[in-house]
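K.L.:
Pasting a structure below so you can have a look.
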Amino acid sequence: MKQLTAIGHSSVRAELMEQLMTLGVVEISDQEAKLGESEWKALVKTDRNDGSVGRYDNWINRTTQALEALEKYGTEKKPLFKTRAPITLAAFEDSLKERHQIEKNTEILTVYSNKLAELQATQNKLEASRMGLIPWKEYDLPLELKETKEVDIILGGIPSAANPDLLKQEVLAATEECTFELVNGDSEQYYIAILCTKAVRQEIDEILKGYGFNRAQFGDLSGSASKNITMIDEKLAVIEGERAKVIEGIQGMEGERQNFELLHDYLVLKRDRAMIRERLLITKQTFYLDGWFPAAATAKVEALLTEKECYYTIREPEKGEETPVLLLNGSMTGPFEAITRLYSLPDSRGIDATPFFAIFYAIFFGMMLSDAAYGVILTVSTFLILKKFKLEGMAGRLMKMFFYCGISTTIWGILFGGYFGDLITVVAATFFNADVVIPALWFAPMEDPMKLLMFSFILGGIHIFLGMALDGYLSIKDGRPMDAVFDIGLWYILLIGLVLLLAGVSPDIGKWMSIVGAVGILVTGGRHNKGIGRITGGLSSLYGITGYLSDVLSYSRLLALGLATGVIASVVNTMGSLAGGGITGVILMIIAFSIGHSYNIAINALGSFVHSCRLQYVEFFGKFYKSGGEAFEPFREKTKYVEILREDH
Amino acid sequence: MNTEVANLLFNGSFLAILGASIAALAGIGSALGVGIAGQAASGVVAEDPKKFGQALILQALPGTQGIYGLLIAFIIMQKIGLLGGSGLMALTIPQGAYILAASIPIGLVGIFSGYAQGKAAAAGIMLVSKRPEEIAKGMVYTAMVETYAVLALLISFLMVNGVQL
């Protein structure tokens, strides 16, 4: 990263910003802090223009709404992945000549959307009142009738926990001048209608109160409940018809989708160009900007600024200065940036772990999925997707990463002899009475699990040692070479010594290495502490050996998950062979094969992904990785639907 | 009479099959875990149906204990001849008891780790509901629990594998 400061004449400002956007390599910094300083404040002000940003935002919202309506009600088939369609600048500008017509069309869709929302609201209201009326369907007096000259009508409900029979008995026992009708009951309430003379009204109210009686509210409805329900049903039918008409209208606009997308992107570009102005400082005649750009783009940035006759300085970041973070990796390790990004970007003063763990990630994934057929499926399907869709960003990275992981899985599958588990053996035995075994190129883990366990530990050891080496490298780079010697070197001696000692390769050397390492750690572990802390610090450092032990043991998952894939595959194959040979046998085998292996590949690919991540995040990153960098966000064309191509690029 | 029946039933083969059953009980943990995660997932999806896929991934994570239990049960069944043409072997009581003992780690750890992992997965789903871009972190937290199921699986596997029949 390099830091750029530039001052130019106001007349070139708009042009320069437009070309910087096209170039898309400079992150323009926020100037809020400078405006707080009185010296700056006296000279400049920000070039902010909220009014036009707001106007563009309004239009963007409207276009987005139109596109959402098309997406929701449209009949066009949606692609599996959304990709940006390439379009030349000329074609882009050409399509937008009719901009006002397109804007008008978005307004039509806005009207449609609003109409739909309105219909939905009315529908909800009607349905709610219908729900309230349903229990009273059997009650045939008009709902607005609350009393006659002599008689009161009490309508309402008691909670379903209460006993309506008891209530009835109590009411009828109290007075004879009333009728009690249990109209309906559901999981919430019992619905009751009581007709009584006005004289006994108070008495009945008292009894009802004891049962938690709630009077029913019907608002200004008139007529019987069933008549009202019929009316509501009619209204609902009308709404349904109107809705169908509106949706038809929306579908009629589907031809406009592409224009809407172009308009959306055009507006976004305009908005972003208006918005970036709040990061510029201006005087009457000049403007000022500063920001960051990747060192690789220096020539282009300089050429542009020179062309626009700006005064500029470019400098390297100072030691310890925080800069935005841009990960730069080649085409092989680049896809694995996905894993780094899912964790968190590295601190700008730290190190990008991607190139170091990429190969390990692929190996771990392959060992855990470890089936050649699954590997081929993964490789081919990701390859086809990548071929068909031009995926960008995270989706593209993950897809490419799984492509590499698929290759690794295929290789490990061949080494371990797994092809849909033991499918070939089972099929040959069940249907052809033959004994066919595809031998593993290396060895079958089921037959010698200890060998694979040891191999997993060794692989894990290498992985962890690499992490420690990176920590040492960072210490040295940071000007603390002794830390690298004490914290990494001594551990190397101790751990390698222990391995030599315990594995019995050369116990003597191993013993002495272990002792030197352990004593060294004991003495130097507490060197940053004072007094008694020097001793306890050393002890607690040495205690860290348990951490290394559990770290290495954690790699046993490579064996366990690899076994899981193989064994589940053979469970599936065994189930498929249960009906023996013949037609039924073939049918059962096909069913078991397609369901079982799809399930197995899905669940174990997920497991392999998660556990490979975990081995990086916990065991590897834990050794050295410092996260927390801010992503590099260059000022660029952030279009969503189209990618604008220019001839000169 | 009673001892005769007892001797007929409670022999080595029975103990080995009992072992396979105990291993398969790890599925209890997965069922509980996936259930807990599923409840949380439904809550989140009710707010935003687009999160279905992400929530489903997290919900699937506690499902592995059941698979590990199945794996050990399957290996035991294969070892004692319950699967395949050869038929059930006659095991001595010590042999059966060894296999029974070997099945306990995955059976027991599977139940509790599946339950605990389900709770972690549910919390991960809550995380996704607020910050969908951080799903990887939720997955890693959930996978931390699974480590112990993996270790139990490994121990059970090595023990079953090591028993000489």
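The values are calculated or read from the model by the stated rules, or taken from the named source; none is laboratory data. As the structure is a prediction and not an experimental result, all values here were calculated from the model. Note that each Cβ is placed from the backbone with ideal geometry, even for glycine, and that neighbours are counted across all protein chains shown.
K.L.:
Just give me the residues in the range A:548-567 being more than 20 Å from A:Phe443 (Cβ to Cβ) and within 7 Å of chain B (Cβ to nearest Cβ), in sequence order. Before you say what the answer is, go through the steps one by one.
P.N.:
Initially, the range A:548-567 is screened for residues more than 20 Å from A:Phe443 (Cβ to Cβ), giving A:548-554.
Across the range A:548-567, the qualifying residue is only A:Ser554.
K.L.:
Looking at the range A:499-614, what helices (runs of 4 or more DSSP H) fall wholly within it and have at least 3 residues that are among the polar types (S, T, N, Q)?
P.N.:
On the way: elements: A:507-524, A:533-543, A:545-554, A:557-576, A:582-614.
In the range A:499-614, the matching helices (runs of 4 or more DSSP H) lie at A:533-543, A:545-554, A:557-576, A:582-614.
K.L.:
Could I ask something else about it? Within 29 Å of the chain's Cα centre (by Cα), among the hydroxyl-bearing types (Ser, Thr, Tyr) and more than 10 Å from every other protein chain (Cβ to nearest Cβ): does that describe A:Ser598?
P.N.:
Details: within 29 Å of the chain's Cα centre (by Cα): yes; among the hydroxyl-bearing types (Ser, Thr, Tyr): yes; more than 10 Å from every other protein chain (Cβ to nearest Cβ): yes.
Here the answer is yes, as A:Ser598 does meet what is asked.
K.L.:
Restricting to the range A:601-649, count the residues that are among the aromatic types (Phe, Trp, Tyr) and within 14 Å of chain B (Cβ to nearest Cβ). Reasoning before the result, please.
P.N.:
Step one: filter the range A:601-649 for residues among the aromatic types (Phe, Trp, Tyr), giving A:609, A:617, A:620-621, A:624-625, A:632, A:635, A:641.
When the remaining residues are screened for being within 14 Å of chain B (Cβ to nearest Cβ), the result is A:609, A:617, A:620-621, A:625.
The number of residues fulfilling the criteria is 5.
Here is a yes/no grid of residues against (1) without any contact (Cβ under 8 Å) to a residue 24 or more places away in the chain; (2) farther than 29 Å from A:Ala296 by Cβ; (3) touching a Lys or Arg at 6+ places or on another chain (Cβ under 8 Å):
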{"residue": "A:Met332", "(1), (2), (3)": "no, no, no"}
{"residue": "A:Tyr343", "(1), (2), (3)": "no, no, yes"}
{"residue": "A:Asp352", "(1), (2), (3)": "no, no, no"}
{"residue": "A:Phe365", "(1), (2), (3)": "no, yes, no"}
{"residue": "A:Leu369", "(1), (2), (3)": "no, yes, no"}
{"residue": "A:Tyr374", "(1), (2), (3)": "no, yes, no"}
{"residue": "A:Ile377", "(1), (2), (3)": "no, yes, no"}
{"residue": "A:Lys388", "(1), (2), (3)": "yes, yes, no"}
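K.L.:
Among the residues of the range A:142-186, how many are modelled with pLDDT of 85 or more and under 15 Å from A:Ala225 (Cβ atoms)?
P.N.:
Qualifying residue count, the range A:142-186: 9.
K.L.:
Suppose we filter A:Glu107, A:Glu144, A:Glu170 for residues that are farther than 30 Å from A:Gly241 by Cα, of a type in the set (D, E, K, R) and in a helix (DSSP H, G or I); which single one remains? Steps first, answer last, please.
P.N.:
Details: A:Glu107 fails: farther than 30 Å from A:Gly241 by Cα; A:Glu144 fails: in a helix (DSSP H, G or I).
Only one candidate passes the filter, namely A:Glu170.
K.L.:
For the range B:135-146, give me the residue count where each residue is over 17 Å from A:Ala605 (Cα atoms), of a type in the set (A, V, I, L, M, F, W, C) and at the interface with chain A (Cβ under 8 Å from one of its Cβ atoms). Don't jump to the end; show me each part of the working.
P.N.:
Going through the range B:135-146, the residues over 17 Å from A:Ala605 (Cα atoms) turn out to be B:137-138, B:141, B:144-145.
Filter once more, keeping what is of a type in the set (A, V, I, L, M, F, W, C): B:144-145.
The next check asks that each one be at the interface with chain A (Cβ under 8 Å from one of its Cβ atoms); those that pass are B:144.
The total comes to 1.
K.L.:
Got at least one residue in the range A:178-194 being more than 19 Å from A:Leu141 (Cα to Cα) and in a helix (DSSP H, G or I)?
P.N.:
No.
Here is a yes/no grid of residues against (1) at pLDDT 85 or above; (2) in contact with a helix residue (DSSP H, G or I) (Cβ under 6 Å, 6 or more places away or on another chain):
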residue	(1), (2)
A:Gly531	no, no
A:Arg534	no, no
A:Leu539	yes, no
A:Thr546	no, no
A:Val552	yes, yes
A:Val567	yes, yes
A:Ser570	yes, no
A:Asn573	yes, yes
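K.L.:
Let me ask another. Test A:Val523 against the stated conditions and say whether it is loosely packed, with under 14 Cβ neighbours inside 10 Å, away from chain B (no Cβ under 14 Å) and over 45 Å from the mean Cα position of the chain (by Cα). Show your work before the answer.
P.N.:
Numbers: loosely packed, with under 14 Cβ neighbours inside 10 Å: no; away from chain B (no Cβ under 14 Å): yes; over 45 Å from the mean Cα position of the chain (by Cα): yes.
It is false that A:Val523 is loosely packed, with under 14 Cβ neighbours inside 10 Å, away from chain B (no Cβ under 14 Å) and over 45 Å from the mean Cα position of the chain (by Cα).
K.L.:
Then there's this: Taking the stated definitions as given, is B:Pro132 within 14 Å of chain A (Cβ to nearest Cβ) and modelled with pLDDT of 95 or more? Break it down stepwise before answering.
P.N.:
Numbers: within 14 Å of chain A (Cβ to nearest Cβ): yes; modelled with pLDDT of 95 or more: no.
In short, no.
K.L.:
Tell me which of these A:Gln616 doesn't satisfy, since it passes every other one: (1) crowded, with 24+ Cβ neighbours inside 10 Å; (2) under 25 Å from B:Phe157 (Cα atoms).
P.N.:
Going through the list (1) crowded, with 24+ Cβ neighbours inside 10 Å; (2) under 25 Å from B:Phe157 (Cα atoms), A:Gln616 breaks only (2).
K.L.:
Would you confirm whether or not the range B:126-145 contains a residue that is more than 26 Å from B:Lys50 (Cα to Cα) and out of contact with any strand residue (DSSP E or B) (no Cβ under 7 Å at 6 or more places or on another chain)?
P.N.:
The first filter runs over the range B:126-145 and keeps only residues more than 26 Å from B:Lys50 (Cα to Cα), leaving B:144-145.
After this cut, where a residue has to be out of contact with any strand residue (DSSP E or B) (no Cβ under 7 Å at 6 or more places or on another chain) as well, the list is B:144-145.
Yes: the range B:126-145 contains one or more residues that are more than 26 Å from B:Lys50 (Cα to Cα) and out of contact with any strand residue (DSSP E or B) (no Cβ under 7 Å at 6 or more places or on another chain).
K.L.:
What is the one condition in (1) part of a helix (DSSP H, G or I); (2) surrounded by 13 or more Cβ atoms within 10 Å (Cβ to Cβ) that A:Ala303 does not satisfy?
P.N.:
(2)
K.L.:
With the condition kept exactly as written, say whether any residue in the range A:393-410 is within 24 Å of the chain's Cα centre (by Cα), outside any helix (DSSP H, G or I), surrounded by fewer than 19 Cβ atoms within 10 Å (Cβ to Cβ) and in the same structural domain as A:Gly596 (by TED's automatic domain parsing).
P.N.:
Here is the first cut: in the range A:393-410, the ones within 24 Å of the chain's Cα centre (by Cα) are A:393-406.
Imposing the further condition that a residue be outside any helix (DSSP H, G or I) reduces the set to none.
Scanning the range A:393-410 turns up no residue that is within 24 Å of the chain's Cα centre (by Cα), outside any helix (DSSP H, G or I), surrounded by fewer than 19 Cβ atoms within 10 Å (Cβ to Cβ) and in the same structural domain as A:Gly596 (by TED's automatic domain parsing).
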